[in-house]
Structure formats: C-alpha cells, structure tokens
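The structure appears right after this line, and notes come after that.
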Amino acid sequence: MPKASELKKGNVVDINGQPHVVKQVEAKSPSARGASTLYKVRFYNLQTRQKLDESFKGDDWLKDMDCVRRQVQYLYRDGDMFTFMDIEDYSQHTLSADELEDQTEYLIDGLQGIMALLVEGQIVGVELPAAVDLEITDTAPAIKGASASARTKTAVLSTGLEVQVPEYLATGEVIRVSTATGKFLSRA
C-alpha cells in the first residue's frame, strides 16, 4: 500500500473498488507553519475512462490494485479497434479508440516498448514509450539558411498528429516526438 507521497505516474491504485492509474502528481507546500504537504493527484479510471482529481496528505495510504504489466507490440488497426500482441505468449488484445483516447496518434505498425495493463486477465490500457519516431508527411518546404532562432512551422506526421517543428525540417524526414507532451524532440 503506497503513501500519497510515494505515488508516481503509472501506478495503479484501487479507489472505491475500481482500478485507477495515476496520470499526474503535483506537490503543494503550504506556507503556514505546521501544515503538511498536499498532493494533488489526477487519476484515470481504467474501466469507465473518467478522470478523477483528488488531494491527499503525504501520509495518506492508498490501496494497491492487482495489475499485471506485460510488454506488447502494436500490430494493426481495424476500424476503431487497435490490436496488440503480447511479446511473451503471443496472445492478442484489442482496445477501442475511445479506450486509448489521445494515444492513437502515436501508434505505428510494429511499435514496440508498449506496456499493457491487465486487470484479471483483461487489458484495460496501455503505457506508450516515452518517445516515438514518426515521419513528416506534410509541411512547408525547408528554408535554406533558416535563422538560428527558434522559429517553428506546423508539420503533419504519418499518423495524422500535428506538431510544431523547426523550419529546417522537410517532408519525408523522421522525427522523434514525446508521447507525454506531443512535442518535437529531435531528428530520429
């Protein structure tokens, strides 16, 4: 059973009998003497797909949820359904676009490094790798002699995701994008 002060992004806890994954933890230190640090935590219900914001004191206890993490590989998309394959036993798991929410724009065929969250043998969500490599399919032409200042332009990637990229990048180049922020990191 973790304390609120020990929570990290990706932990799965039991709240009212339902599995919730920690999406964000923010520590607030009050200025009054003797006041304890508060932790604002944003949870994501893995069954109902709803967000839940809660505040805890640092020594509040939360109940761990029995959750198995398995490494999976993204295989393919069939309409609004996304299929993943377990790397160890080759079993396949399917999630809908609604269950994946904003993660669909980072999925490319054969993507590895994904962790599946399984509760009672059923897949309830996935954790993407920290960054993915995607190809630029549409952007304004590269500017020769672009200035060293941080000027950017919009680029559409192979999955449909739009990001701001430096002016010197052109269509067809592969870039690394953060799955947490959705921002350009570097060339791949």
- Note on the structure: Residues of the stretch 129-182 being of a type in the set (Lys, Arg) and surrounded by 13 or more Cβ atoms within 10 Å (Cβ to Cβ), in sequence order, are Lys153, Arg176
- Restricting the first residue to the stretch 64-92 and requiring it to be without any contact (Cβ under 8 Å) to a residue 12 or more places away in the chain, which pairs with a second residue that is charged (D, E, K, R) meet a Cβ separation below 8 Å and a spacing of at least six or different chains? Thr83/Arg77
- Being of a type in the set (S, T, N, Q) and either in contact (Cβ under 8 Å) with a residue 12 or more places away in the chain or part of a loop (DSSP other than H, G, I, E, B) (or both) is the filter; apply it to the stretch 153-188 and report the residue that is farthest from Gly10 (Cα to Cα). Thr171
- Item | Matching residues, the stretch 96-109, being modelled with pLDDT of 85 or more and loosely packed, with under 10 Cβ neighbours inside 10 Å | Asp109
- Task: Could you please give the count of residues in the stretch 110-124 that are of a type in the set (Gly, Ala, Ser), surrounded by 14 or more Cβ atoms within 10 Å (Cβ to Cβ) and farther than 22 Å from Asp64 by Cα?
- Result: 1
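The values are calculated or read from the model by the stated rules, or taken from the named source; none is laboratory data. Every value quoted in this text rests on a predicted model; they were computed, and no experiment measured them. With ideal geometry, Cβ positions are generated from the backbone for all residues, glycine too; neighbour counts draw on all protein chains shown.
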